1. Name every residue in the stretch 227-266 that is within 16 Å of the ligand (Cβ to nearest atom), open to solvent by less than 10 Å² (accessible area, probe 1.4 Å) and in a loop (DSSP other than H, G, I, E, B), in order of residue number.
2. Filter the helices (runs of 4 or more DSSP H) completely within the stretch 1-75 down to those with at least 3 residues that are open to solvent by 60 Å² or more (accessible area, probe 1.4 Å).
3. Six or more apart or on different chains, Cβ under 6 Å: which pairs go from a residue in the stretch 178-197 that's under 11 Å from Asn145 (Cα atoms) and among the charged types (D, E, K, R) to one that's part of a loop (DSSP other than H, G, I, E, B) and open to solvent by 20 Å² or more (accessible area, probe 1.4 Å)? Could you list them?
4. Quick one: would you say Leu345 is under 21 Å from the mean Cα position of the chain (by Cα), farther than 24 Å from Leu95 by Cβ and free of Cβ contacts under 8 Å to residues at least 60 places away in the same chain?
5. What residue, among those in the stretch 76-90 that are part of a loop (DSSP other than H, G, I, E, B) and among the polar types (S, T, N, Q), is most open to solvent (accessible area, probe 1.4 Å)?
6. Just name the residue that is modelled with the highest pLDDT out of those in the stretch 30-46 that are among the charged types (D, E, K, R) and closer than 12 Å to His17 by Cβ.
7. Scan the stretch 107-123 and report the pairs whose first residue is under 19 Å from Arg381 (Cβ atoms) and whose second residue is open to solvent by 10 Å² or more (accessible area, probe 1.4 Å) and assigned to a strand (DSSP E or B), with Cβ atoms within less than 6 Å and a gap of 6+ or a chain change.
8. Out of all the residues in the stretch 141-160, which are within 16 Å of the ligand (Cβ to nearest atom), of a type in the set (Gly, Ala, Ser) and within 13 Å of Gly124 (Cα to Cα)?
Amino acid sequence: MRDDDNLTAERPTFVTHLECAATGETYPADQVHNLSRAGKPLLVRYDLDGVRRALSKDALARRPPDLWRYRELLPVRRTQDIVSLGEAVTPLVRLPKLAQQLGGGELIVKDEGRLPTGSFKARGLVMAVSMAKALGIKHMAMPTNGNAGAALAAYASRCGIKTTIFCPEDTPEVNVSEIALQGAAVYRVNGLIDDCGKIVAEGKAKVGWFDTSTLKEPYRIEGKKTMGLELAEQLGWDVPDVILYPTGGGTGLIGMWKAFAELEAIGFIGKKRPRMVAVQASGCAPMVRAYEQGVEHAERWEDAHTIAAGIRVPQAVGDFLILRAVRESGGFAIAVDDDAISAGLDEVAREEGFLMCPEGAVTYAAYKAALADGRIRRDERAMLFNCATGLKYPLPPQRRTLDRHQPIDFARL
Ligand SMILES: Cc1ncc(COP(=O)(O)O)c(C=O)c1O
């Protein structure tokens, strides 16, 4: 087996059509699409019986460990359109010490910080850009809280597509710099991500940019879906009892839910599903409010603020899909405040040597809260998502110094 087998071997593809997630109206595959005529996300549909016949667990086990091993369940038709930066299978890291201290069940982190550009946004954008290349798109634009823009810039530059990217003015410096270094035109905007989204929509109408906003483009979700495919395979074709997902636009949560349905349809897993928990910050929790009110759509969250910048999304076009997955799975939505997020980040780093990103720490803080109030049981196997490397974020300065010319009191060090 060559290491680049998944990127070079032609494999059969099974996309049949796209479908409006709200109305079920169908759309042809292999054409440029944004939202459906009803203004809702489009989902990619496959001939799953065909996949079932073409793909076995054994054949899969022999492929190199990257995202493209799931080719039969992905939309890219021709190998030549794959734009890859090495989308490695991300590890499951256990937190045994904290699980024991908290008196919980097995606690696992899927560490998405190992992906190109240091975040799970690579999964969605590698797919969106590969499809854009296949469909001849020349100029992509995006509103972003940082990580998605970085991934878009990287993949698009790699295959010669122009990118224009807008982020809220207080987006972490590292994100704005990496976006610019990776070849995009990037602008800070005095507003939030949905304000940036309006600029992209206007540019689409006026100069024909392709709108790559979360869920306004059908293929990012297919890339994010691979988190669900991967974790099921890593657990020996089983799923955890609970998944805690830091929810902004919610692509990953919706994508994983889709992945489990497809895996069942091709006979790789049974009926068991994880309870899907949408985790938000209490300074921006539109999904939690909508979940608690029992409504299908979430109202915009005003004055959104949180240290977990990636999930500062006041309004999500896929709100009804997030809420549907949470409810169908028997999960729930929960918010934690910034103090709990910071404390969680410190605790996991100190106790387990695992530096999470703030959005990852949101899931740990939520796990603690839900274990304490009984919403997660002590015998449940829980999976947290650390969606980006903690090293991308500003870290508190450490000021201890030592004068090597003075006698050192080793007993006090
Ligand atoms: C680190 C991190 N975590 C979580 C999210 C939220 O992801 P999603 O849009 O799939 O809800 C983002 C999005 O920007 C992010 O950058």
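The values are calculated or read from the model by the stated rules, or taken from the named source; none is laboratory data. Computed from a predicted model, the values in this text were never measured in an experiment. Counting neighbours? That spans all protein chains shown, and the Cβs are built from the backbone with ideal geometry, glycine included. Side chains included, ligands, DNA and RNA excluded: accessible areas come from the protein's heavy atoms. Shrake-Rupley method; radii C 1.70, N 1.55, O 1.52, S 1.80 Å.
1. Passing the criteria: Thr247, Gly248, Gly250.
2. Working: elements: 5-8, 48-54, 57-61.
Answer list for the stretch 1-75: 48-54, 57-61.
3. Close Cβ pairs (under 6 Å, with a partner that is part of a loop (DSSP other than H, G, I, E, B) and open to solvent by 20 Å² or more (accessible area, probe 1.4 Å)) amount to Arg188/Glu169; Asp194/Gln315.
4. Working: under 21 Å from the mean Cα position of the chain (by Cα): yes; farther than 24 Å from Leu95 by Cβ: no; free of Cβ contacts under 8 Å to residues at least 60 places away in the same chain: yes.
Against the criterion (under 21 Å from the mean Cα position of the chain (by Cα), farther than 24 Å from Leu95 by Cβ and free of Cβ contacts under 8 Å to residues at least 60 places away in the same chain), Leu345 does not qualify.
5. Just the residues of the stretch 76-90 that are part of a loop (DSSP other than H, G, I, E, B), to begin with: 76-78, 82-87, 89-90.
Filter once more, keeping what is among the polar types (S, T, N, Q): 84, 90.
Details: Ser84: 18, Thr90: 1 Å².
For the stretch 76-90, the residue satisfying everything is Ser84.
6. Filtering the stretch 30-46 for residues among the charged types (D, E, K, R) gives 30, 37, 40, 45.
Then drop every residue that is not closer than 12 Å to His17 by Cβ, which leaves 30, 45.
Details: Asp30: 95, Arg45: 98.
So the residue we want is Arg45.
7. Qualifying pairs under 6 Å: Ile108/Leu92; Ile108/Arg94; Val109/Val93; Lys110/Leu92; Asp111/Val93.
8. Answer for the stretch 141-160, where residues must be within 16 Å of the ligand (Cβ to nearest atom), of a type in the set (Gly, Ala, Ser) and within 13 Å of Gly124 (Cα to Cα): Ala148, Gly149, Ala150, Ala151, Ala153, Ala154.
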